[in-house]
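Visitor: The structure that follows is given in the form of structure tokens.
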Amino acid sequence: MFDRMEIVVKAGDGGGGVVSFRREKFVPFGGPDGGDGGGGGDVVIMADSSVTSLRIFKQKRFYRATNGENGKGKRKHGRRGENLILTVPVGTMVLYKTQIGGDAVIADLNLPSQQVVVAKGGKGGLGNIHFASSTNQAPQIAQKGEVGEEKSIILELRLIADVGIIGYPNVGKSTLLAAASAAKPKIASYPFTTREPILGVVKVGLRSFVLAEIPGLIDGAHLGRGLGHDFLRHIVRTKILIHLIDGSSASPVEDMIQVNAELSLYDSALAQKPQLVVVNKIDLPQVQACLAAIKKAFSNTGTTALFISAATGDGVSELMAETINMLQSISDEAITGREIPRKVFRPQPRGIGTSVHKEGDTFVVVAPELERIVARTGETSPGVHWQLRRQLARLGVTKALQKAGVKPGDRVRCGNLEWEWE
Ligand SMILES: Nc1nc2c(ncn2[C@@H]2O[C@H](COP(=O)(O)OP(=O)(O)OP(=O)(O)O)[C@@H](O)[C@H]2O)c(=O)[nH]1
Ligand SMILES: [Mg+2]
């Protein structure tokens, strides 16, 4: 029923900012003019109705977006890396493996053009112009680009049924599915014969749609009774429901009301879904006998019911023609002017704050902004040190270090820089 693929995606790294100074004729000391690095490209997964399977992901497992370019002198910014857009069939679920085991859903791409950013490109590093100030007009530092996110992603394709057949057990759902499509579900005279949703493709002239039997709908299904509410979830994805009712039941109208009540207890949106109310088993003599009374009982509740015999096929093709017309009018409405937002998925947000902790005698500063700062002339030159200290103060790290009890002479480390506190 569905296809499942695991892939690894890597967003582009941000380009580095540069340390550069203006060079002009007759101007001995030009100001800083190192541009910023470009951001890395994102990895985006997008639903596309022209894609029909996940098969191409079998051939390749690793996908990466382009890195951002480094900045240049003369205030030139590096070019942004290009996004990588992976197209998948409509109806693809995007998941990731959680650390505690099991999968979590990132996005359910069930509309054409719906998309989700699964790996965000790294930010570009800042060029040395950003580090200039009134007291430091020749900044020797710039910032490296941020590394792009890398993630393991699972793509799962679930066939979405356009139409679901619902109704109490044993009303003839499987019989109807078998009569209308090539599907061969098991049919038997006891309830819960069908234990999971079964799909079939119904052809009406040149058009077709996917019809599914939704099993296990009984009183209390929303609480997990019977086969549980797992299958009610599938109804959420259908566009129309065929509500099948056993004509030989004691009160067909009462059955319809009960099943609808059960649906709205699970999800009120389900009860709003368009329904075709269909009374089955009209070939049975006892149903024939009270056909007029049943019709009247339904119209008293404002419902126009259709009458069929799934077993003999009587009325089935009319029902399918009615269904496809209803589908057509719904999709015409759905297509006009719907805006599809783009989501960005972030299981763990990137840290932007700073923190200080002690490892042995060394004070360790965790500051992603600062760790990316690189010095052109090597960390040991006194000028560079002074500039780094200014950035420490700017990001509030100096205060945090003092609060943690740093004294002159102590070792301080940040990323791969280590120095003595003064
Ligand atoms: N006479 C008559 N019997 C029918 C008709 N449709 C289904 N049946 C019978 O009703 C019983 C249940 O049919 P199924 O199609 O298995 O019903 P279901 O709704 O899929 O049942 P579950 O999967 O168990 O929930 C079977 O014995 C069928 O032969 C019909 O139109 N007329
Ligand atoms: Mg069945």
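Visitor: Quick check: pseudo-label points 7 Å beyond the Cα along Cα→Cβ at residue 399 and residue 326, how many nm apart are they?
Guide: Taking the two extended label points, one gets 6.4 nm.
Visitor: Could you identify which residue out of 292, 311, 271 has the top mean-square fluctuation in a GNM of the chain using Cα springs shorter than 10 Å?
Guide: Comparing 292, 311, 271 in the GNM, the peak value goes to 292.
Visitor: I'd like to know which of 86, 49, 96 lies farthest towards the positive end of the charge dipole of the stretch 48-113, counting +1 on Cβ of Lys and Arg and -1 on Cβ of Asp and Glu.
Guide: Ranked along the dipole, the leading option is 86.
Visitor: Stretched out fully, how many nm does the piece from residue 3 to residue 371 gain, at 0.36 nm a residue minus the Cα gap? Could you put the intermediate results ahead of the total?
Guide: Details: separation 368, 0.36 × 368 = 132.48 nm, distance 4.21 nm.
Separation in residues times 0.36 nm, less the Cα-Cα distance, equals 128.3 nm.
Visitor: Indicate the gyration tensor shape class of the chain (rounded, prolate or oblate), computed on the Cα atoms with a ≥ b ≥ c the square roots of the eigenvalues: a/c under 1.5 is rounded; otherwise a/b larger than b/c is prolate and the rest oblate.
Guide: Cα axes put the chain in the prolate bin.
Visitor: Continuing with the same structure: Set the Förster radius R0 to 25 Å, insert the Cβ-Cβ distance between residue 358 and residue 389 as r into 1/(1 + (r/R0)^6), and round the FRET efficiency to 0.05.
Guide: Values: r = 20 Å, r/R0 = 0.79.
It comes out at approximately 0.80.
Visitor: Where nothing but the Cβ of Lys and Arg (+1) and of Asp and Glu (-1) is charged, how large is the charge dipole of the chain around its Cα centre, in debye to the nearest 20?
Guide: Details: 52 positive and 42 negative charges, 380 e Å.
That gives a dipole near 1820 debye.
Visitor: Report, for the chain, the % of DSSP beta bridges that are antiparallel, rounded to 5. Mind showing how you got there, number by number?
Guide: Numbers: 45 of 74 bridges.
DSSP beta bridges in the chain are roughly 60 percent antiparallel.
Visitor: Let me ask you something else. So, for the chain, what is the accessible surface per residue at a probe of 1.4 Å, expressed in square angstrom?
Guide: Numbers: 21770 Å² over 422 residues.
That works out to 52 Å² for each residue.
Visitor: Expected output is a single nm value to one decimal: the length gained when fully extending between residue 306 and residue 55, i.e. 0.36 nm times separation in residues minus the C-alpha distance. What is it? Could the numbers behind the result be given before it?
Guide: Details: separation 251, 0.36 × 251 = 90.36 nm, distance 4.12 nm.
Using 0.36 nm per residue and subtracting the Cα-Cα distance, I get 86.2 nm.
Visitor: Under 14 Å between alpha carbons, and skipping anything fewer than 8 positions from residue 97 in its own chain: which aspartates and glutamates qualify?
Guide: Of all the aspartates and glutamates, those that pass the test against residue 97 - Cα under 14 Å, at least 8 places apart if same chain - are 6, 150, 156.
Visitor: Using amide H atoms built in the peptide plane, which far-off residues or other-chain residues are under 5 Å from residue 106 H to H?
Guide: 94, 95, 96
Visitor: Sum -39500 (n - 2.57) across every DSSP H segment of at least 4 residues in the chain, then divide by the residue count to get the 222 nm mean residue ellipticity, nearest 500. Walk me through the numbers on the way to the answer.
Guide: Values: 10 runs with 92 residues, N = 422.
When only DSSP H runs of four or more count, the value is -6000 deg cm²/dmol.
Visitor: Report, to the nearest whole %, how much of the accessible area of the chain belongs to carbon and sulfur atoms, 1.4 Å probe, protein only. Working shown, then result.
Guide: Numbers: 11450 of 21770 Å².
Roughly 53 percent, rounded to a whole number.
Visitor: Taking amide H positions as placed in the peptide plane 1.01 Å from N, state which residues far from residue 198 in sequence (5 or more) or on other chains have amide H under 5 Å from it.
Guide: 213
Visitor: Just list whichever of 144/399; 10/203; 72/399; 144/358; 186/273; 60/343 have alpha carbons separated by over 31 Å in the model shown.
Guide: Numbers: 144/399 24 Å; 10/203 42 Å; 72/399 34 Å; 144/358 25 Å; 186/273 27 Å; 60/343 25 Å.
From the list (144/399; 10/203; 72/399; 144/358; 186/273; 60/343), the Cα-Cα distance tops 31 Å for 10/203; 72/399.
Visitor: Give me the number: length gained by fully extending residue 98 to residue 195, i.e. 0.36 nm times residue separation minus the C-alpha to C-alpha distance, one decimal in nm.
Guide: On the way: separation 97, 0.36 × 97 = 34.92 nm, distance 2.88 nm.
My answer for the length gained is 32.0 nm.
Visitor: Further, regarding this structure: Over the stretch 1-106, what portion of Cα pair distances is larger than 22 Å, expressed as a whole percent? Intermediate results must be reported in sequence, preceding the final value.
Guide: Working: 2901 of 5565 pairs.
The calculated P(r) of the stretch 1-106 puts 52 percent of pairs beyond 22 Å.
The values are calculated or read from the model by the stated rules, or taken from the named source; none is laboratory data. Just so it is clear, the model here is predicted, and its values are computed rather than measured. Neighbour counts are summed over all protein chains in view; Cβ atoms, including those assigned to glycine, are modelled from backbone coordinates with ideal geometry. The accessibility values were calculated without ligands, DNA or RNA, using every heavy atom of the protein model including side chains. Shrake-Rupley method; radii C 1.70, N 1.55, O 1.52, S 1.80 Å.
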